[in-house]
């Protein structure tokens, strides 16, 4: 059974989440950092629609295939710099917040390497992609096959 598209059945909610998305877009977060956040959260949440979209977006920004392919194992590669590692750790803990929250170690490392303002923007980016993932998954959004 086809599910209702919450984005069209709830236009006011769609406007609200787009306002948050537009805030993230206009934030100081580096575009590659934004895509890493979106990809890692979408991997954790199993959102095929968002993984497809954001892997293409990341490639357009110059992200390498190797880093995209190994993102789920970022801790075991030398491909991500210290700031990216802090962002990815924060992304995992916020996405999986019900497991153990966000540790002081992860939060403090991120603010040490970035800034409190940047970390705040990163957290909002993580929250936003998690909302999109939940909408996409619950609505059964499917990526189109690229030929």
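The values are calculated or read from the model by the stated rules, or taken from the named source; none is laboratory data. Quick caveat, the model's predicted, so the values are computed rather than measured. Counting neighbours? That spans all protein chains shown, and the Cβs are built from the backbone with ideal geometry, glycine included.
Tabulated data for the structure shown
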quantity	calculated
Breaking point among (1) over 20 Å from residue 94 (Cβ atoms); (2) surrounded by 13 or more Cβ atoms within 10 Å (Cβ to Cβ), for residue 11	(2)
Which numbered condition residue 1 fails, given (1) touching a helix residue (DSSP H, G or I) at 6+ places or on another chain (Cβ under 6 Å); (2) at pLDDT below 95	(1)
Residues located in the range 122-147, provided they are surrounded by 20 or more Cβ atoms within 10 Å (Cβ to Cβ) and under 15 Å from residue 33 (Cα atoms)	122, 125, 126, 128, 129
Residues of the range 91-113 satisfying the condition of being over 18 Å from the mean Cα position of the chain (by Cα), in a helix (DSSP H, G or I) and at pLDDT 95 or above	104, 105, 108, 109, 111, 112, 113
Options 44, 87: the member that is over 23 Å from residue 141 (Cβ atoms) and either under 14 Å from the mean Cα position of the chain (by Cα) or part of a loop (DSSP other than H, G, I, E, B) (or both)	87
Test: residue 21 is in a helix (DSSP H, G or I) and either surrounded by 13 or more Cβ atoms within 10 Å (Cβ to Cβ) or in contact (Cβ under 8 Å) with a residue 40 or more places away in the chain (or both)	yes
First in the range 71-86 and touching a residue at least 60 places away in the same chain (Cβ under 8 Å), second anywhere and surrounded by 16 or more Cβ atoms within 10 Å (Cβ to Cβ) and part of a loop (DSSP other than H, G, I, E, B), Cβ under 8 Å, 6 or more apart	none
Matching residues, the range 57-71, being surrounded by 13 or more Cβ atoms within 10 Å (Cβ to Cβ) and under 24 Å from residue 21 (Cβ atoms)	57, 58, 59, 63, 67, 68, 71
Matching residues, the range 47-66, being under 19 Å from residue 83 (Cα atoms), assigned to a helix (DSSP H, G or I) and touching a residue at least 24 places away in the same chain (Cβ under 8 Å)	58
